[in-house]
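Accompanying notes for the structure given below.
The values are calculated or read from the model by the stated rules, or taken from the named source; none is laboratory data. The shown structure was predicted, so the numbers you read here are calculated from the model rather than taken from an experiment. Backbone-built Cβ (ideal geometry, glycine too); neighbour counts: all protein chains shown. Areas reflect the complete protein model, heavy atoms only, side chains present, ligands, DNA and RNA absent. Shrake-Rupley method; radii C 1.70, N 1.55, O 1.52, S 1.80 Å.
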Amino acid sequence: GYQVFPVNPAMAKNGDSLHDQKVYGSLEDIPVQPIDMVDIFRNAEAAGEIVDEAIAVGAKSVWLQVGVVNEEAAQRALDAGLDVAMNACPKQEIPRLGISGPDTDIND
């Protein structure tokens, strides 16, 4: 399975939790490094800053959700050696690729 660490600066500042998990203010605050995948649920413009943060912390990959397209940020990530998925949803793509994961049964 996967271990998910929610990141939201505003929620972290307020001490909020999400699904009974601590919310972190930035990727560098996450206690488990390196990060395998940063799943970006932000608009295309904001995604660029998050991609740069993912590069800085040595994340292995970035995944920009459906509708999030930032070619320049994707190229920066690729140039830094990260794997990149863009305009795609892991919940849809992971089963299609035959990879098992949370809430995924590749035999369905």
Legend entry - Rounded percent of accessible protein surface that carbon and sulfur make up, the chain, 1.4 Å probe: 48
Inset, instruction - Give, rounded to the nearest 20 debye, the magnitude of the charge dipole that the chain has about its Cα centre when Lys and Arg contribute +1 at Cβ and Asp and Glu contribute -1 at Cβ. - result: 100
Legend entry - Amide H within-cut-off set for residue 18, under 5 Å, with H built and near neighbours excluded: 23
Inset, instruction - With unit charges on the beta carbon (Lys/Arg positive, Asp/Glu negative), name the residue among 54, 38, 15 whose Cα is farthest towards the positive pole of the charge dipole of the chain. - result: 15
Inset, instruction - Mind checking the per residue accessible area of the stretch 1-93 for me, 1.4 Å probe, whole number of Å²? - result: 63
Inset, instruction - Kindly provide the helix-only [θ] at 222 nm of the chain, computed as the sum of -39,500 (n - 2.57) over DSSP H runs of four or more divided by all residues, to the nearest 500 deg cm²/dmol? - result: -9000 deg cm²/dmol
